[in-house]
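Readers should treat all values here as calculations from the given coordinates under stated rules, not as data from a laboratory. What you see is a predicted model, and the numbers here were worked out from it, not measured in a lab. Note: ideal-geometry Cβ built from the backbone for every residue, glycine included; neighbour counts use all protein chains shown.
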Amino acid sequence: MARIFNFSAGPAMLPTSVLAQAAEEMLDWQGTGMSVMEMSHRGNAFVEIAAKAEQDLRDLLQVPAGYRVLFLQGGATGQFSAIPKNLIGDKRSADYINTGSWSKKAIAEAKQTIDVNVVAQSANQHLLDIPAESTWQCDPQAAYFHYCANETITGVEFPAIPAVDHAPLVCDMSSTFLSRPIDVSRFGLIYAGAQKNFGPAGLVVVIVRDDLLDRAQPDTPSVWHYQLQAEADSMSNTPPTYSWYIAGLVFQWLKDQGGLAAVGERNERKARYLYEAIDATDFYHNPVDPAVRSWMNVPFVLADSALDKLFLDEAAAAGLQTLKGHRSVGGMRASIYNAMPEAGVEALVDFMQAFEKRHG
Ligand SMILES: *Cc1c(COP(=O)(O)O)cnc(C)c1O
């Protein structure tokens, strides 16, 4: 059996050892005689799986007291509408910064429910930098401030948590969650879809500060209602049990890797190695402001786009797959989430250098 290096932006690669353990436990989870997929979410076995996953996630992120961790469905996109409904309270509008496609989608969904104040938008028409904080036009009355920590499509990542203190900070962390340590206490709410960096599609994790649970609009559907879900331990309806279980295996794997400090160092090394290879030649180019380049999604173009198809075909034949850039950007994109080993990035760089020798 040969596993390829899968550079997909999501659903993305999972650690091989996690998949192997899931395979081993598929028919009979720890002597229960059934698969996790077949278990009641209210039975002891699943309740134990769910609680361990939550505790391991809390340990990894050092989640302080006073935060709830919810395991919900509907992806990050579901949260684009759940957040305004839950957090608007008696305010009228919220602040959003537009740094790319996912920010834009979050803004469009929020506008269905509330007024949105876009505090800033990159001057670069392709949104390949992040405007300086001093230029943001924030509203002191905002219900919250929303940003996307890592724009998965363009590969633009906030290098640090923005210094926002006029409103609770809300973050779409989908494509950078668990890639490095973060200070959860700075946030009112963090959300992340699992299929980028910690599990299968069908699960979104929401970490929300207790004091934000009491301001949902009365017509908020119960599956989206943070307080109701918190009171029901994320089980006001059937949760995505299997995705929750796999996420738990990934959390255990991250702990076994040495936790987020160790994982973050490795991710930083992987990204640096790839950007250095891209910057070393005019044959390849990454257009993002170097100060805000993503550790997770590395887009690049070939100087001669007529070679794109050949590049992708030869890369795939070499076991380096799903490198095609997002349809809105073109070129290539290497997503190098936690589960991508350093050997995968090294193999990609070796391939890029050999391809340039042959075709440059
Ligand atoms: C993938 C992604 C989303 C959307 O996730 P879905 O699970 O498809 O709803 C939102 N935000 C970011 C940053 C993403 O990478």
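Quick notes
- Each of Gly43, Gln55, Ile114 was placed along the dipole of region 29-126 (beta-carbon charges, centred on the mean Cα), and the one lying farthest toward the positive end is Ile114.
- Largest to smallest principal axis extent of the C-alpha atoms in region 271-314, angstrom: 30, 19, 15
- Area projected by the alpha carbon convex hull of region 9-99, averaged over all directions, nm²: 9.4 nm²
- Charged-residue dipole, Cβ positions (Lys, Arg, Asp, Glu), region 1-98 about Cα centre, Debye nearest 20: 480 debye
- Binned Cα-Cα distances of region 73-119, short to long, each 5 Å bin given as a whole percent: 5, 25, 33, 25, 10, 3
- Taken over the C-alpha atoms, region 102-164 has Rg and Dmax values of 11.9, 31 angstrom.
- ³J(HN,Hα) computed for each position of region 22-28 - Karplus, 6.51 cos²θ - 1.76 cosθ + 1.60, integer Hz, glycine/proline x: 4, 5, 5, 8, 4, 7, 8
- In the chain, taking the dipole from charged Cβ atoms about the Cα centre, the farthest positive-side position among Gly100, Ala194, Ser175 is held by Gly100.
- Only the Cβ atoms of Lys and Arg (+1) and of Asp and Glu (-1) were treated as charged; on that basis the dipole of the chain about its Cα centre amounts to roughly 400 debye.
- Of all DSSP beta bridges confined to the chain, the antiparallel ones make up roughly 55%.
- Amide H contacts under 5 Å for Ala334, placed H, 5+ residues apart: Val298, Phe300
- About its Cα centre, region 246-287 has a charge dipole of approximately 220 debye under the convention of +1 per Lys or Arg Cβ and -1 per Asp or Glu Cβ, with nothing else charged.
- Globularity ratio of region 208-360, using Cα Rg and 2.2 N^0.38 Å: 1.41
- Order of Thr241, Thr322 - criterion: other Cβ atoms within 10 Å of each residue's Cβ, fewest first: Thr322, Thr241
- A cut-off under 10 angstrom between Cβ atoms defines the neighbours of Ser175, and their net charge, with Lys, Arg +1 and Asp, Glu -1, is -2.
- Kirkwood analysis of region 72-176, using all unique Cα-Cα pairs, places the hydrodynamic radius at 13.7 Å.
- Between region 253-321 and region 1-76, the C-alpha centres lie 27 angstrom from each other.
- Trypsin sites (Lys or Arg not before Pro) lying in DSSP loop within region 40-110, provided at most 16 other Cβ fall within 10 Å: Arg42, Lys91, Arg92
- Electrostatic bookkeeping for Arg269 treats Lys and Arg as +1 and Asp and Glu as -1; over the other residues with beta carbon under 13 Å from its beta carbon, the sum is -1.
- Of the residues Gly259, Gly325, Ala160, the one whose Cα sits farthest toward the positive end of the charge dipole of the chain, with +1 on the Cβ of Lys and Arg and -1 on the Cβ of Asp and Glu, is Gly325.
- The Cα-based radius of gyration and maximum Cα-Cα distance (Dmax) for the chain are 20.8, 63 Å.
- Here region 157-211 carries DSSP beta bridges of which approximately 60% are antiparallel, counting only pairs with both residues inside.
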